[in-house]
Amino acid sequence: MTKLTEPHLSGLVSANLWWIRGQRHDVVVDTGLGVSSIRQHLPEVFAHDALAVISHTHLDHAGGAHEFAHVAVHGLEAGAMASPPPASLHPRTEMELLGLAISDADALPDSLLEALPRVNYDPATYAVRPATVTRVLGDGDVIDLGDRRLRVVHSPGHTPGSIVLLDEDLRWLYTGDVIYDGPLFDEMLGADIPSYVASMRRLLDLDVVVVHPGHDESFGAERLHELGEAYLGLRADY
Ligand SMILES: [Zn+2]
């Protein structure tokens with residue numbers, strides 16, 4: 001398994017892409033913003049019938065999905081893959097589109113890009129391009145790579161169709177935005193705190209040794225439980 005990150009992005013939207021090699025086919029968990037082309041820069045990612053598995057359809061996870069011939073997403077977000085909502089690389093605009101509260105607009109950078117990916121790139125033209133969903137996922141589904149299997153755990157709350165993927169042999173958990181070592185977002189468009197609380201409880205019951213999250217670094221079971229319990233404490237009223 002290899003962690004990929006898209007260059008040129010502000011930390012706000014720099015997501016992890018997890019490239020998992022399988023005997024039958026590869027899987028790439030999440031695809032970045034899609035500002036830079038994976039196909040152009042890392043064609044080897046596509047060499048083994050890669051299936052893009054989208055943890056949820058926010059732009060920093062689903063933006064590159066259109067480059068893949070095989071795309072899997074939870075049924076509740078398949079529509080957003082086919083016709084993506086408007087998106088922007090202007091932080092304030094994007095936060096408004098996502099329904100995020102803006103507490104200190106002056107502290108926001110001018111762009112979600114820290115550098116232009118190529119000459120003549122115009123960030124104003126950015127949009128998430130439609131992708132063709134070839135597999136609709138539901139809770140309990142198994143993605144079989146041949147020598148490796150990933151079990152889908154529907155984990156709504158951050159978005160309705162958020163999923164985490166459990167490799168039951170390695171006890172590795174790919175979590176997207178459901179949990180990572182940073183502030184979690186449960187008060188944006190499409191988010192739902194009671195669902196998030198239920199998903200977090202369920203996640204903490206999984207047998208896991210390493211978490212590979214959608215943002216920042218991987219961590220172990222102890223940190224998973226610290227972060228999860230902290231979230232449940234914060235939302236104890238739900
Ligand atoms: Zn997200």
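What follows is calculated from the coordinates using simple rules that are stated; it is not laboratory data. Being a predicted model, the structure only gives us computed values, none of them experimental. Note that each Cβ is placed from the backbone with ideal geometry, even for glycine, and that neighbours are counted across all protein chains shown.
Each of D139, D147, D237 has some number of other Cβ atoms within 10 Å of its Cβ, and from fewest to most they run D237, D147, D139. On alpha-carbon atoms, Rg over Rh for the range 1-87 using Kirkwood Rh? My calculation of the ratio gives 0.94. Considering every Cα-Cα pair within the range 143-238, what fraction, in whole percent, is farther apart than 19 Å? Counting pairs separated by more than 19 Å, the tail of P(r) holds 35 percent.
Relative to the globular-protein estimate of 2.2 N^0.38 Å, the Cα radius of gyration of the chain stands at 0.97.
Running a GNM on the chain with Cα contacts under 10 Å, which residue among P117, P183, P86 ends up with the highest mean-square fluctuation? Per the Cα network of the chain with a 10 Å cutoff, P183 tops the list.
Placing +1 on the Cβ of every Lys and Arg and -1 on the Cβ of every Asp and Glu, with nothing else charged, gives the range 77-139 a dipole about its Cα centre of roughly 380 debye. The distance linking the range 132-179 with the range 191-238 is 15 Å (Cα centroid to Cα centroid, whole angstrom).
May I ask you to sort S195, S55, S83 by Cβ crowding, counting other Cβ atoms within 10 Å and putting the fewest first?
Values: S195 19, S55 31, S83 8.
Neighbour counts put them in this order, fewest first: S83, S195, S55.
Counted over the chain, the DSSP beta bridges are approximately 60% antiparallel. Where does the Debye-calculated log10 I(q)/I(0) of the range 97-145 sit at q = 0.15, 0.19, 0.29 Å⁻¹, using only Cα point scatterers of equal weight, no solvent? Each listed q corresponds, in turn, to -0.79, -0.89, -1.25.
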